[in-house]
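Beneath this line is the structure, given in structure tokens, with notes to follow.
The values are calculated or read from the model by the stated rules, or taken from the named source; none is laboratory data. Values in this document were obtained by computation on a predicted structure and should not be read as measured data. Counting neighbours? That spans all protein chains shown, and the Cβs are built from the backbone with ideal geometry, glycine included.
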Amino acid sequence: MRSLLRPAALFVAIGLALYAALYYAAEHLVERTGHSNPIFKIHAAEKRSFDWVILGASHAMPLDFAGFNAWLEGETGLAILNLASPGTGPLYNRFVLEEFLREHRTRNVLYVADSFAFYSRAWNEERFADAKLLARTPLAPALARRLWQYVRHEGVDPRALLDYASGFSKINNRERFRPDLWEGEAQFERVHRPSAAAVKKRVAYLYPEPASAAALERYLGELGAIAALARQAGARMVVIKTPIPQQFRSALPGEAAFDAALARVLSAHGVCYADFSTTVNEPRFYFDTDHLNRAGLTELVNRGLKALLLSGACALPMMAGSAAAQPIEDELVLITPVGKSLSDPALAEFRKLAKQRWNVDVKTSALSAGTPVAYGRIVEWSGRPLADLFWGGESALYDRLAAQDLLAPLELPKAVTDAIPQTLGKPKPVSLKDPKGFWVGTVLESTGIAYHPRLLQRLGVPPPKDWDDLLDPRLKGHVAQTPPTRSSSSHAAYEVILQRDGEAKGWEWARRLAANTGIFAPRSRDVPSMVAKGEFAVGFAVPSYFAFEDRLAGFDIKYVAPKTAWITSGPAAILKGAKHPKAARAFVEFLLSERGQRIAVERGLFPIVPKYRIEGPPGSTAEMAVEFNGGVRSYYEVEVISVYDDEIAQKRYEQVNATFRREIETVAEQLKKKY
């Protein structure tokens with residue numbers, strides 16, 4: 001028996017020695033090829049103290065790609081250590097921060113929050129056992145002891161500790177000789193082409209199981225633990241969400257619920273929160289479905305991240321003389337003809353502002369209605385409105401509502417209203433704000449002609465330049481429009497014709513246009529969509545940003561503003577008797593701020609505040625809007641010819657509608673035969 005034991009012991013000893021040699025070699029390779037692993041970065045850090053430590057999953061990682069961290073340090077003069085790792089949730093990030101604080105210090109902790117990481121064990125408990133992560137994690141006895149505590153108390157798989165202690169994944173790592181680079185870093189300079197299929201696949205990967213409220217609460221608790229850990233170490237914590245494309249964001253399950261829950265938890269812990277998710281949306285700023293490339297990350301730094309890192313604060317400064325400095329209500333209801341492409345992001349940004357400034361979670365909603373319909377409802381409510389704010393449309397209706405005592409004074413700070421000129425254009429200046437203070441303009445937008453270039457070419461019709469071009473006989477049946485009874489844009493455009501030509505000639509013009517009209521659409525938003533799809537060649541009285549929205553969607557549609565195009569100021573007014581007047585007033589003030597004006601600019605509208613203009617980097621949405629609008633960047637930089645007299649329009653508003661019903665709409669078929 002002894003003779004057998006001695007060879008067996010020798011065999012085991014040789015095996016252990018070989019394993020130890022392999023382990024040593026594998027550990028040595030980890031040190032040589034290390035780069036992205038957060039534990040490696042901690043152990044390799046030459047400094048003991050930093051200004052910022054960055055935590056999070058893959059959306060935080062590009063901040064350290066290809067020398068970007070060094071560039072950011074140079075731009076800010078700050079010492080920054082990025083400890084983010086792909087697919088890691090708050091539980092793993094707490095583990096990383098604990099290891100960092102064992103021998104290092106930081107003044108600030110920046111956590112980049114990704115909603116997917118708060119909904120699954122796959123990105124938290126199970127992430128500790130990931131072979132790729134373990135293969136690049138240096139061995140340290142203190143780390144092993146803490147990992148054991150996570151196995152005992154946090155539900156981490158014991159195999160994670162066994163793998164880490166044995167070095168199994170390191171020894172069997174097929175990529176042991178390659179630098180530890182995440183695959184995304186090699187794509188950092190590229191531009192991604194948007195793909196719905198790619199987005200669907202990516203979201204399915206990130207959410208391996210249905211979003212669970214219980215899981216969300218569990219991992220938000222871990223985020224709270226990170227905040228407490230930072231506070232104990234004397235560090236300030238800031239949480240941000242980085243930009244993602246709208247196509248990707250809209251595919252995420254329960255994102256709104258996550259945003260609300262995140263804000264609630266961070267508020268309870270006194271943690272600063274900045275949401276940049278809608279800041280940089282153009283596809284050219286991403287290298288894949290949801291990660292910023294170098295250009296996008298640079299844009300994010302310039303649009304707010306640099307200022308945040310330098311100040312350590314993410315709440316916006318209070319507007320000077322703000323009337324909204326007092327707490328606001330927790331709800332806001334709009335009634336508006338404004339398209340969802342503008343109203344939705346505006347309300348979303350306002351909710352963030354309310355949370356940042358007043359720590360109020362504002363519930364927002366919008367009753368969508370054409371301007372005449374909205375006006376009718378407000379009159380019917382008779383001082384007991386079901387909405388707080390009327391936004392968008394024709395200013396003549398706002399004057400009529402004020403005359404009926406259905407609007408409340410805005411009472412905005414003088415500095416805010418003084419920044420807006422009283423009028424624009426000549427010989428009949430466009431009113432940009434009410435001298436009596438019941439309404440104020442928020443954006444500038446023209447109402448003109450949308451057309452389908454290829455369809456016009458097939459018809460042998462040149463692109464239109466002015467209103468009269470729509471009377472070309474070759475366009476018979478190819479014009480789409482909305483009746484002025486249903487759209488303030490259409491009503492104002494007809495007023496332009498009537499005031500330009502006089503009533504007799506103006507109504508004759510309207511009859512001839514009706515003869516060319518193939519459809520009277522129920523909403524002004526429908527008109528450019530029909531043109532974009534090639535169903536009609538030309539659209540009359542089209543709000544410019546509706547047409548631009550279809551252009552951004554990839555349709556072959558162009559737009560021209562005739563020389564006498566109606567310019568609207570996008571009025572806003574608080575309804576008398578509103579349940580939430582402070583929230584409504586704060587929203588109007590927000591729309592007139594740089595943040596609010598930027599939302600409008602990014603959707604092809606013009607700023608009403610003269611110090612702002614449409615501009616952006618080459619290829620940006622802003623520059624596309626400039627091209628779409630004939631090179632115009634600001635209506636304050638070009639000659640604006642306005643023949644629309646608001647006083648005349650207000651006096652005969654119902655008369656114009658009645659005449660159109662009687663002489664145009666009800667006899668449209670006879671007009672087609674006559675002309």
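Out of everything in the range 509-546 that is among the hydrophobic types (A, V, I, L, M, F, W, C) and assigned to a strand (DSSP E or B), what residue ends up being surrounded by the most Cβ atoms within 10 Å (Cβ to Cβ)? Going through the qualifying residues, I end up with VAL542.
Selection of helices (runs of 4 or more DSSP H) fully inside the range 362-431 by the criterion of at least 2 residues being of a type in the set (Phe, Trp, Tyr) and in contact (Cβ under 8 Å) with a residue 24 or more places away in the chain returns 371-381.
If only residues of the range 361-378 that are over 20 Å from the mean Cα position of the chain (by Cα) and either closer than 18 Å to VAL588 by Cβ or modelled with pLDDT of 95 or more (or both) are counted, the one that is surrounded by the fewest Cβ atoms within 10 Å (Cβ to Cβ) is LEU367. Looking at (1) part of a helix (DSSP H, G or I); (2) touching a residue at least 24 places away in the same chain (Cβ under 8 Å), which one does ALA622 not meet, given that it meets all the others? So the condition that ALA622 fails would be (2).
Is one or more of the residues making up the range 483-495 surrounded by fewer than 24 Cβ atoms within 10 Å (Cβ to Cβ), touching a strand residue (DSSP E or B) at 6+ places or on another chain (Cβ under 9 Å), modelled with pLDDT under 90 and not assigned by TED's automatic domain parsing to the domain that holds LEU412? Yes: one or more hits.
Which residue, of LEU386, LEU397, LEU353, is at pLDDT 90 or above and not small (Gly, Ala, Ser)?
Working: LEU397 fails: at pLDDT 90 or above; LEU353 fails: at pLDDT 90 or above.
Of the residues listed, the single one that is at pLDDT 90 or above and not small (Gly, Ala, Ser) is LEU386.
Within the range 111-148, the set of residues being closer than 15 Å to LEU223 by Cβ, touching a helix residue (DSSP H, G or I) at 6+ places or on another chain (Cβ under 7 Å) and aliphatic (A, V, I, L, M) comprises ALA113, ALA117.
Let me confirm something: among ALA263, ALA295, which residue is assigned by TED's automatic domain parsing to the domain that holds LEU78 and within 24 Å of ALA227 (Cα to Cα)? Steps first, answer last, please.
Values: ALA295 fails: within 24 Å of ALA227 (Cα to Cα).
That would be ALA263, the only listed residue that is assigned by TED's automatic domain parsing to the domain that holds LEU78 and within 24 Å of ALA227 (Cα to Cα).
Put simply, of LEU252, LEU266, LEU223 the only residue that is in a loop (DSSP other than H, G, I, E, B), touching a residue at least 24 places away in the same chain (Cβ under 8 Å) and out of contact with any His (no Cβ under 6 Å at 6 or more places or on another chain) is LEU252. When LEU81, LEU91 are checked against the criterion of being under 27 Å from LEU220 (Cβ atoms), in a strand (DSSP E or B) and assigned by TED's automatic domain parsing to the domain that holds ALA211, a single residue qualifies: LEU81.
Output the residue which, of all residues in the range 52-96 that are of a type in the set (D, E, K, R) and surrounded by fewer than 19 Cβ atoms within 10 Å (Cβ to Cβ), is nearest to VAL239 (Cα to Cα).
GLU73
Taking every residue in the range 440-463 that is farther than 17 Å from GLY604 by Cβ and pairing it with any residue that is charged (D, E, K, R) and outside any strand (DSSP E or B), at least 6 positions away or on another chain, the pairs with Cβ-Cβ distances below 7 Å are VAL440/ASP434; HIS452/ASP556; PRO453/ASP556; ARG454/ASP556; LEU459/ARG474; GLY460/ARG474; VAL461/ASP472; VAL461/ARG474.
When the range 430-443 is limited to residues that are under 17 Å from ASP645 (Cα atoms) and modelled with pLDDT of 90 or more, the one that is nearest to the chain's Cα centre (by Cα) turns out to be GLY441.
Selection within the range 96-116: residues that are in a helix (DSSP H, G or I) and under 32 Å from the mean Cα position of the chain (by Cα). The member of this set that is nearest to ILE39 (Cα to Cα) is VAL96.
Just so you know, in the range 413-429 the residues that are of a type in the set (A, V, I, L, M, F, W, C) and at pLDDT below 85 include one that is surrounded by the fewest Cβ atoms within 10 Å (Cβ to Cβ), and it is ALA415. If the condition is being modelled with pLDDT of 90 or more and either surrounded by 15 or more Cβ atoms within 10 Å (Cβ to Cβ) or of a type in the set (Ser, Thr, Tyr) (or both), then the range 312-336 contributes GLU329, GLU331, LEU332, VAL333, LEU334, ILE335, THR336. Of the residues making up the range 262-274, not a single one is surrounded by fewer than 17 Cβ atoms within 10 Å (Cβ to Cβ) and either more than 22 Å from VAL360 (Cβ to Cβ) or β-branched (Val, Ile, Thr) (or both).
Before we move on, is GLY577 assigned by TED's automatic domain parsing to the domain that holds ASP361 and surrounded by fewer than 24 Cβ atoms within 10 Å (Cβ to Cβ)?
Answer is yes for this residue.
Across the range 640-666, the qualifying residues are those that are assigned to a helix (DSSP H, G or I) and aromatic (Phe, Trp, Tyr), and the one among them that is nearest to VAL430 (Cα to Cα) is TYR653.
Yes or no, residue by residue, for (1) within 23 Å of ALA572 (Cβ to Cβ); (2) not assigned by TED's automatic domain parsing to the domain that holds VAL280; (3) not hydrophobic (A, V, I, L, M, F, W, C):
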{"site": "ARG598", "(1), (2), (3)": "yes, yes, yes"}
{"site": "GLY604", "(1), (2), (3)": "yes, yes, yes"}
{"site": "PRO607", "(1), (2), (3)": "yes, yes, yes"}
{"site": "GLY619", "(1), (2), (3)": "no, yes, yes"}
{"site": "SER634", "(1), (2), (3)": "yes, yes, yes"}
{"site": "VAL656", "(1), (2), (3)": "no, yes, no"}
{"site": "ARG661", "(1), (2), (3)": "no, yes, yes"}
{"site": "GLU665", "(1), (2), (3)": "no, yes, yes"}
